[in-house]
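See below for the structure under consideration.
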Amino acid sequence: MRQAICGTALALMMVLAMAAAQGQGVQGGSATAPPLLGPVTNLPLPRYVTLKTGEGNARRGPGLTHRIDWVFTRAGMPLRLTAEYENWRRVEDQDGVGGWVHFTLLSGVRSVLVVQDMVAFHTRPDPTAEVVLRAEANVIARLLQCLPEWCRLGVEGGKGWVPKTALWGVDPGEIIE
């Protein structure tokens, strides 16, 4: 009797493991899963967006009846969009703080946040290239172009190439033309 129960339990565990593997899209020869798409916009999730206004309420849930947990106060701030529900988008800043904001407060125009102090902007994507300006931490810059390890940014006063490691608002390896 005990052997029959153990055998049944083992068979059940194998069936469940196979079902879980199929449910996760495990296929021979496929190293990456397809990107998750938002149910409203059909755009990839997560993705980066920009706050359009100087003030945006982040709510606990998607709707005006939910309490405000946070207020974003910097126009142009890059935000990571992680979910969609009707006219609401769940976003977070570089510290992981955020909530649900109305889609009209967001723009698809990309910006980044400089996270290292006195970052050099170079004329080319090369650490030995001429430095055209420097930016302090927490400066918001327009994202113009990205290579695998460098991004070309625009700020008031100029443009230049900055290593991705000095930025928040762009994924490692992300290419933007």
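Observations, loosely collected:
- Site pair Glu130 and Trp168 shows an inter-label distance of 3.3 nm when each label is modelled 7 Å from Cα along Cα→Cβ.
- Globularity index of segment 60-158, i.e. its alpha-carbon radius of gyration over 2.2 N^0.38 Å: 1.29
- Taking a ≥ b ≥ c as the square roots of the eigenvalues of the alpha carbon gyration tensor, segment 44-109 is rounded, as a/c is under 1.5.
- Sequence-distant residues sharing a close amide H with Ala58 (under 5 Å, placed H): Asp69, Trp70, Val71, Phe72
- If the convex hull is drawn through the Cα atoms of segment 112-168, its volume per residue in Å³: 64
Throughout, read-outs are computed from the coordinates displayed, never taken from laboratory work. This structure is a prediction, so every number in the text was calculated from the model and none was measured. Positions of Cβ are backbone-derived with ideal geometry, glycine not excepted, and every protein chain shown enters the neighbour counts.
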